[in-house]
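The values are calculated or read from the model by the stated rules, or taken from the named source; none is laboratory data. Predicted model only: the values in this text are computed from it and were never measured. Cβ placement follows ideal geometry from the backbone for every residue including glycine, while neighbour counts extend to all protein chains displayed. Just the protein is used for accessible areas: all its heavy atoms, side chains included, with ligands, DNA and RNA removed. Shrake-Rupley method; radii C 1.70, N 1.55, O 1.52, S 1.80 Å.
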Amino acid sequence: MTAVQQRLETERLVLRSLARTDAIFVADLISDEDVRRYLGGPVSPEQHEATFARYSSGENGGMVWVVETKNLQTSVGLVFLSPHRDNGEAELSYQFRAQDWKRGYATEAAARVLSHALGDLECVRVIAETQTANLPSRRLLTRLGMTEISRHVRFGSEQSLYATGNPA
Ligand SMILES: CC(C)(COP(=O)(O)OP(=O)(O)OC[C@H]1O[C@@H](n2cnc3c(N)ncnc32)[C@H](O)[C@@H]1OP(=O)(O)O)[C@@H](O)C(=O)NCCC(=O)NCCS
């Protein structure tokens with residue numbers, strides 16, 4: 001197994017580690033009502049610092065990548081690979097700026113992280129949890145080749161659990 005790669009690349013994107021200078025980008029992202037619709041709503045300004053610190057730790061010991069476009073070098077989103085809150089399995093999650101939706105950036109970046117996890121990091125499988133009502137997210141997971149394996153209620157909303165890779 002190789003170590004987590006701080007920098008990954010795709011055709012159109014660079015994925016790099018989160019830096020202090022990304023604080024404004026992250027604050028804008030987590031304040032956006034559209035981005036946070038299925039994630040418990042916008043994060044209040046008082047919580048920005050704590051959220052940034054949590055993201056910097058990769059959501060409890062995982063990894064977060066800032067996704068930048070190669071052509072404009074603009075930050076468009078975040079992709080996380082973190083231990084799942086229930087059993088510590090590798091969980092993929094993502095948040096992209098609403099103005100950059102529908103360009104395929106999220107699928108392209110998430111696919112790269114997924115292949116890094118299943119390949120270099122030798123994860124047995126990767127899971128993802130998303131609100132069942134979050135259809136764009138579920139379409140993305142299907143495009144990645146992940147399959148819905150169960151549903152449950154968390155935070156008062158029905159969640160769909162997706163998985164890929166070899167069975168555990
Ligand atoms: C979930 C989320 C990342 C999905 O974003 P998205 O823009 O739908 O995903 P992509 O960037 O991969 O774009 C794919 C869409 O763009 C279209 N598209 C347009 N141009 C494209 C291109 N050049 N290449 C690929 N797809 C393209 C695809 O057809 C697809 O549309 P569809 O879903 O209607 O079939 C986004 O909605 C988001 O950030 N939501 C807020 C955070 C969130 O809810 N996260 C989920 C919890 S983990």
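Miscellaneous remarks
- Among (1) under 16 Å from VAL4 (Cα atoms); (2) in contact with a Pro (Cβ under 9 Å, 6 or more places away or on another chain); (3) at pLDDT 95 or above, the one test that VAL124 misses: (3)
- Selection count where residues are over 20 Å from GLU108 (Cβ atoms) and in contact with a Phe, Trp or Tyr (Cβ under 9 Å, 6 or more places away or on another chain), scope the stretch 128-146: 3
- Flag for THR69 being under 25 Å from ARG139 (Cβ atoms) and either acidic (Asp, Glu) or in contact (Cβ under 8 Å) with a residue 40 or more places away in the chain (or both): yes
- LEU141 within 12 Å of the ligand (Cβ to nearest atom), of a type outside the set (S, T, N, Q) and open to solvent by 40 Å² or more (accessible area, probe 1.4 Å): no
- Among residues of the stretch 134-145 that are in contact (Cβ under 8 Å) with a residue 60 or more places away in the chain, those with a Cβ under 8 angstrom from a residue that is β-branched (Val, Ile, Thr), sequence gap 6+ or separate chain, pair up as SER137/THR130.
- When GLU11, GLU59 are checked against the criterion of being part of a loop (DSSP other than H, G, I, E, B) and within 13 Å of the ligand (Cβ to nearest atom), a single residue qualifies: GLU11.
- Residues satisfying the stated conditions in the stretch 30-73, i.e. out of contact with any helix residue (DSSP H, G or I) (no Cβ under 9 Å at 6 or more places or on another chain) and either over 23 Å from ASP100 (Cα atoms) or open to solvent by less than 30 Å² (accessible area, probe 1.4 Å) (or both): GLY41, GLU46, ALA50, ALA53, SER57, GLY58, GLU59, GLY61, GLY62
- Residue in the stretch 95-136 that is farthest from the ligand (Cβ to nearest atom), counting only those that are charged (D, E, K, R) and crowded, with 19+ Cβ neighbours inside 10 Å: ARG112
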